[in-house]
Amino acid sequence: MPINISFEKHTLSNGLDVIVHVDKSIPVAAVNVWYHVGSQNEEPDRTGFAHLFEHIMFKGSKHHNREYFLPLQEVGASINGSTTTDRTNYYEDVPAEYLELALWLEADRMGFLLDALDEGGFATEREVVKNERRQSYENRPYGLASQEIRKALFPPNHPYNWQTIGSQEHLDAASIDDVKAFFRRFYSPNNASLSIAGDVDPEEAVKLAEKYFGDLPPAPPVARLQRWAPPMTHEVRLELEDAVQLPRIYIAWVGPPRFDADEPALDVLMSVLGEGRSSRMYQSLVYTKQNARAVSAYFAGMEIAGELRVDATLAPGATLEDVEASMFAEIERLQNEPPTAEEVERAVNSLEAQYVHQLEQVGGFGGKADLLNFFNVFTGDPGRLNSDFDRYLAVRPSDVQRVAKQYLTPGRVRLVVNPKPAVVAAEAVLDRTVQPGPGRPRRFEPPTPRRIAMAGGVDLLVVEKHEVPIVVAGVYLPGGAVLDPSDAPGLSAFMGRLLSEGTKTRTSTQISEEADFLAAHPNIGVDRENVIASTEALSRHWDRAIDLLADVVLNPTFPEQEVDRVRRERVTDLRRLRDDANAIAERVAGGLLFGRDSAHGHPISGREAAVEAFGRDEAVRQHEALFLNSKPTFLIVGDVEGEAIARQLETVFSGWRGGQAPAEVPASSSRIATTIYLVDKPGAPQSVIAAGQIGVPRNHPDYAAMTVMNMAFGGQFTARLNMNLREDKGYTYGYRSRFDWRKSASSYFAGGAVQTAVTKEALFETMKEFRDLHANRPIGADEFEKAQLGLIRGFPPSFETPSQVMRRLLDIAHFGFPDDYFSSHVARLEAVTIDDVHRVAAEHVDPEQLSIVVVGDRATIEEPLRELGMPIVHLDHEGQPLE
């Protein structure tokens, strides 16, 4: 697999590494900064500091003493950060002319953050992090399992003993002085790596890095722990109770660190064992014995040690003893006999595909800028990006057997999560205060697909994109879940799930094995108004991947035994949704807006009672209606040639002429007076709020104005909702608004997960923001300009990867846009005025007609909610009234 990502590396006098990579495919510059500090650098009684600091770094600095996001989102940038055990990273993907702005901001917080940090900002971000812990760990099914496993795998004095998120107690105990000391120790140029990638001039990029970072002082070198993989001599057995439907068993071992000689063989081992439907544990436990609903296996190499983990979620009625015995039977089989050469090749193909897919993006998490920093920080050589995967090509079956024997030993942690019983109730003259303006603007012309007429009146939309050897293919079909029979909600999704369970020439197992071998899985996505059958493959696997997709789409046989198995799995999955407050809120909210049993309101995945009645005949009829008798449009993006791909598609899909597009199913557009619909989730540490109403369809003339309005109201980090409920109040980890755009009536929702104790206050603020938007405090000129410019300048990155371009082609096919529709997208946004935004907010958003779903601990939150003076209706987890 030839990879040749060119770069330059420079080291400034203060120790900062600067890496520059040029990629002019889109006019975007990616700025990516890694600090070599993570939770391993914390003290055992002050955990969570590294992650807390990730948040504090967005609060502002001496020469930009306001929200870090503000000037970047104004120019359409994508911004984020993350923390692991070993590093903290930050990135900004900006229009190329704003490279200097991103560097100015990054340098100012590296050098001058403490000048702006005060008790108020520190306290707010501490509450945000605590809410993140509640949302991502305490209120998530099985969310605390990893914490308990880490405690048992590593001794108390080992820096991997605790989770990166830290503990609530340590966060409460943290002082601003603790945080400042942490910053001074680790946030220095000689403990950082700066990667600049994209449409940049290398010489100019290095000069700008020197200008803004060059005079920042270094700190004393950080003492580094070396390899420390503590041996375990016996099995540690743990049990944990959680609010889940199904038990889950985890087995974990201590492994070697990242870049150890055994890392490739361990990755292959865990892939063979538990990655994909053709893996050994899936075939044994999920497919054949059907005593597990899901399995997984992975190796996580970290800087000083690693973790190997396998887990299985028990199927209803299965015993823990049987599942555990089956898991160890597959482990022992690999220890006693090496995997086949084909299994190893399949695993390597999958790992290769994951590796190459990261190179589609210049920025973001895992893009080229990020990977250059990854290899620079942990190996000292960014160029290892081009050669690191060669290690995996050398893995042999005997290597896999050896590491299975060496690492999967009796010294391990065994954790069982059981369902909780039901509960009732620069230069010296540099003026850093001057925010840089844009540099030379770059012109961007979004790709217009070629439309090629194929045999049988079928169209192909194709975009050639040759930067990476990847091809994405889709078959678009109108219809989707709106075509479910009224008494069979979820039938289309059920049928779509069965397409990969057997064809005229392939069994379910053969499909799984071939898809895993190619790392190209047929995916059947059933949406409300359409179906997309797709695959994504490396170019060298393209011919086999498209042949597999065609077989799955055209020739399913719906074997009775697979229908029975999948039906049981679907019913189990639907029951498990009761564990997830966000899933409950989403399912209930749609039914409230459009009608619980309507074509637009029933859950796409169905309901338990309906799915239990599905059989083979229903699946066959739905396949004929949605696929064989419908009118397909082919969508191809990637490393292909248009005419050649058209001829190939005519061959592999020969005989499929398609029929007529189904008639559109209209949606109800009625609204009712604002009402709270309360769904009880006893003991929940957070409440999920979803306040929504029916909105205009995607093709409405007000679409562009509504998009700008939403951007200012709740569509980004610095929008009103998030700035109020997260940044000002600290109620939540994130609070946003969004449209679900449809051909028929769309929906508009605002909300998020908030701490249980402030549910009433959070809903009060939500209603206040809706009323302000509608009348009391309409979007201001500054807010309007920032939202509009953010959308315009953030438009080019939405065409970066083949998958992103595919989504644009899907819009063209589904909404009937002209092929060059996106060429005028920016002009439509530019034509929006602030008066348009005020008008659409007044006409289309009504705070007195909101359906508000609240999923939380009724015993705690109901009485405070009644103080808001709105009617409250009690619903079950499926949206049925209880009283």
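The values are calculated or read from the model by the stated rules, or taken from the named source; none is laboratory data. Computed from a prediction, not measured in an experiment: that's the story for all the values here. For neighbour counting, all protein chains shown are included, and Cβ atoms are generated from backbone atoms with ideal geometry for every residue, glycine included. Surface accessibility is based on the protein's heavy atoms, side chains included, excluding ligands, DNA and RNA. Shrake-Rupley method; radii C 1.70, N 1.55, O 1.52, S 1.80 Å.
Numbers for the structure displayed
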quantity: Cα-projected label distance for GLU608 with ALA831, points at 7 Å along beta-carbon direction, nm; calculated: 5.1
quantity: In range of the label at GLU785: residues from region 817-837 whose backbone nitrogen is under 15 Å from the point 7 Å along Cα→Cβ; calculated: 833-835
quantity: Stokes-Einstein D for region 241-396, Kirkwood Rh over Cα pairs, 4 °C, 1.567 mPa s (µm²/s); calculated: 76
quantity: Cβ-placed point charges (K, R +1; D, E -1), dipole of region 562-667 about Cα centre in debye, nearest 20; calculated: 360
quantity: Directionally averaged shadow of region 764-875, computed from the convex hull of its alpha-carbon atoms, nm²; calculated: 10.7
quantity: Accessible area of region 468-601 belonging to carbon and sulfur atoms, whole % at 1.4 Å probe; calculated: 46
quantity: DSSP bridge pairs, the chain: antiparallel proportion in percent, nearest 5; calculated: 75
quantity: Nitroxide proxy distance, nm - points 7 Å out along Cα→Cβ at VAL22 and ALA173; calculated: 5.4
quantity: Value of relative contact order over region 775-883, rounded to a whole percent, pairs C-alpha under 8 Å and six or more apart; calculated: 24
quantity: For region 111-158: rounded, prolate or oblate by the Cα gyration tensor [a/c cutoff 1.5]; calculated: oblate
quantity: Helix-derived mean residue ellipticity, 222 nm - over the chain, DSSP H n ≥ 4, -39500 (n - 2.57), to 500; calculated: -11000 deg cm²/dmol
quantity: Accessible area in square angstrom per residue, the chain, 1.4 angstrom probe; calculated: 37
quantity: Full-stretch length increase - LYS207, ARG391 - with 0.36 nm per residue and alpha-carbon distance subtracted; calculated: 62.6 nm
quantity: Length gained when the stretch TYR298-GLU345 is fully extended (0.36 nm per residue, less Cα-Cα span); calculated: 15.2 nm
quantity: Exceeding the 32 Å Cα-Cα cut-off - candidates LYS62/LYS130; LYS405/LYS504; LYS289/LYS743; LYS180/LYS760; LYS465/LYS631; LYS180/LYS729; calculated: LYS405/LYS504; LYS289/LYS743; LYS180/LYS760
quantity: Heavy atoms of ASP199 accessible to a 1.4 Å probe, total area in Å² rounded to 10; calculated: 10
quantity: Computed over region 165-271, Cα set: Rg, Dmax in Å; calculated: 22.1, 58
quantity: Value of Rg/Rh across region 169-221 [Cα atoms, Kirkwood radius]; calculated: 1.17
quantity: Alpha carbon convex hull of region 138-193, volume per residue in cubic angstrom; calculated: 136
quantity: Cα-only Debye scattering, region 620-732: base-10 log of I(q)/I(0) at q = 0.09 Å⁻¹; calculated: -0.59
quantity: Percent accessible area from carbon and sulfur atoms, region 698-737, protein chains only, probe 1.4 Å; calculated: 46
quantity: Apportionment of accessible area to carbon and sulfur, region 294-441, percent (1.4 Å); calculated: 53
quantity: Cα gyration tensor of region 501-546 - equivalent ellipsoid semi-axes, whole Å, descending; calculated: 20, 15, 8
quantity: Cα-centred dipole magnitude for the chain, charges only on beta-carbon of K, R (+1) and D, E (-1), debye, nearest 20; calculated: 720
quantity: Efficiency of FRET from Cβ geometry, PHE328 and LEU144, R₀ 25 Å, rounded to 0.05; calculated: 0.55
quantity: Rg/Rg_globular for the chain, with Rg_globular taken as 2.2 N^0.38 Å and Rg from C-alpha atoms; calculated: 0.94
quantity: Histogram of C-alpha separations across region 706-791, 5 Å bin width, %; calculated: 3, 15, 25, 24, 19, 10, 4, 1
